[in-house]
Amino acid sequence: MVACPECENDLDIDEEEVDEGEVVSCPECGTDFEIITVNPIELKPVEEEEVEEEEEEETEDGDYS
Ligand SMILES: [Zn+2]
């Protein structure tokens, strides 16, 4: 039994029925997970191609006047 890392919903994945690299999505929270390994099943959230904002805005040096 594999639980969704996000919401802990039972994803009902049978490790013998899935392959590495397969993408499953949680019906509960809608998050997509890529199956990294099947034994044991390890899931990685699929990063959608969103524009990621930089965590820190770096001001360029040389702005002194
Ligand atoms: Zn979920």
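Among the residues of the stretch 22-34, those that are touching a residue at least 12 places away in the same chain (Cβ under 8 Å) and in a strand (DSSP E or B) comprise 23, 24, 32, 33, 34. When you look at residue 37, is it in contact (Cβ under 8 Å) with a residue 12 or more places away in the chain and hydroxyl-bearing (Ser, Thr, Tyr), yes or no? Yes; evaluated as a whole, the condition is true for this residue.
Out of the residues in the stretch 1-11 meeting the condition of being surrounded by 11 or more Cβ atoms within 10 Å (Cβ to Cβ) and in a loop (DSSP other than H, G, I, E, B), tell me which one is farthest from the ligand (Cβ to nearest atom).
The initial filter retains those residues of the stretch 1-11 that are surrounded by 11 or more Cβ atoms within 10 Å (Cβ to Cβ), namely 2-11.
If we keep only those that are in a loop (DSSP other than H, G, I, E, B) as well, we get 2, 4-9, 11.
Details: 2: 11, 4: 3, 5: 8, 6: 4, 7: 3, 8: 7, 9: 5, 11: 7 Å.
Result: 2.
Scanning the stretch 12-29 for residues that are open to solvent by 90 Å² or more (accessible area, probe 1.4 Å), within 13 Å of the ligand (Cβ to nearest atom) and under 14 Å from residue 1 (Cα atoms) turns up just one, 12.
Being under 15 Å from the mean Cα position of the chain (by Cα) and surrounded by 13 or more Cβ atoms within 10 Å (Cβ to Cβ) is the filter here, so list the residues in the stretch 30-44 that pass it. Write out each step before concluding.
Applying the first criterion (under 15 Å from the mean Cα position of the chain (by Cα)) to the stretch 30-44 yields 30-37, 41-44.
31, 32, 33, 34, 35, 41, 42, 43, 44, listed by residue number.
The values are calculated or read from the model by the stated rules, or taken from the named source; none is laboratory data. Worth saying up front: this structure is predicted, and the values here are computed from it rather than measured. Counting neighbours? That spans all protein chains shown, and the Cβs are built from the backbone with ideal geometry, glycine included. The area values use the complete protein model at the heavy-atom level, side chains included, leaving out ligands, DNA and RNA. Shrake-Rupley method; radii C 1.70, N 1.55, O 1.52, S 1.80 Å.
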